[in-house]
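Everything below concerns the one structure shown next.
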């Protein structure tokens, strides 16, 4: 009986010992498997083909591009406020500065350099700019006006914002503008952190107190009109008169019914009346520019005339992609009607490679371009003393849903260029634009 009990005891000891060994072995195997899996996961994060890595890189790039856009808007508004003479206009733009500053910091915080010391200078500048704008908003709400010193501070801030925007734009478009897909693995931040250190050393000096041509996004009503609708066969005849062979490709509804046609080198979109609303070629222009701005203006105007649009060129912007963009508009009694804007792209060989006329087709009508009693001299007196007026024109613009006849003053301050619009009826500043030069050419914001 005793021997039997010992046998049973030995059996259970062996049994539990075996189970323990198996458990230990299983644990070792499981640990080895998990370790191997984690190692492979870490290794996979430094492989360009890794899906997670590419998705994360795209998120970083989106944040960088958004920060760049917000800095561009911040730069434009600071420059405009510094020369604006209208309190209500100043208030709106200062509010925009607060919004854009918030956006810059929010987007920079999404980058993997959020804790970098080199980012502190940029964040400090943006935060202080936001605080200064809030301070000035308080002054304006109390009925005070901007002083000469405050305008000087705004101009200094604008200079820093310009340098930051130039840097961010250049970095975002460079090969070094990568964070984790450049072969250095997760956690690599490219050259942005180091570059910000250089920017901080050269750009952050400012007072401690502290987005195309004019109306290129011209007002557009809800939809293209449908009155006088024709069949796509009839519209095709109009297309062929200018573009040669044209094959109907279907209909789309984009702010009104439009017909789509395939032509020899691209496609044409017309409204339902057969008027050309858009044209684009499929091939990319290339080669050195062989036509100057004046020639591009002439080519653009002649092309518009072929399409039945009586417009004149009013703004030219060259780009680095061998294309010159010409903004054309209706001109009545020397008054530029900006709501009737047509954008024409001219290639380096003098061939039109694109056109967008939807604003013209939506807005065009019998315009009243009657001017008010404000004289040009009185209107110019509204312009800030620091601005040097280089050209004066007349224009009809859209502001808050209303069409206003204005004096258009092209002006400069140092190397900065502005367009200031003064209402001919009220004599008040109505709109102001700052010209921005970047890799896309010249734009007005």
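Where a number appears in this text, it was derived from the coordinates with a stated rule and is not lab data. Note that the coordinates shown come from a computational prediction; the quantities given were computed from them, not determined experimentally. Cβ coordinates were reconstructed from backbone atoms using ideal geometry, including for glycine residues, and neighbour counts include every protein chain displayed.
The three principal axes of the Cα atoms in segment 376-444 give end-to-end lengths of 37, 28, 16 Å, sorted in falling order. The order of 265, 96, going from fewest to most other C-beta atoms within 10 Å of their C-beta, is 265, 96. For segment 232-363, the mean projected area of the C-alpha convex hull, equal to one quarter of the hull surface, is 7.8 nm². For segment 316-403, place one equal point scatterer on every Cα, skip the solvent, and apply the Debye formula. What is log10 of I(q)/I(0) at q = 0.11, 0.18 Å⁻¹? For segment 316-403 at q = 0.11, 0.18 Å⁻¹, log10 I(q)/I(0) is -0.45, -0.96.
Going by neighbour counts of Cβ atoms within 10 Å, the residues 230, 444 line up, fewest first, as 230, 444. Here residue 226 and residue 152 are evaluated by their C-beta separation; at R0 = 56 Å the FRET efficiency comes out at 0.55. Residue order for 388, 318, 227, 80, fewest other beta carbons within 10 angstrom first, comes to 227, 388, 318, 80.
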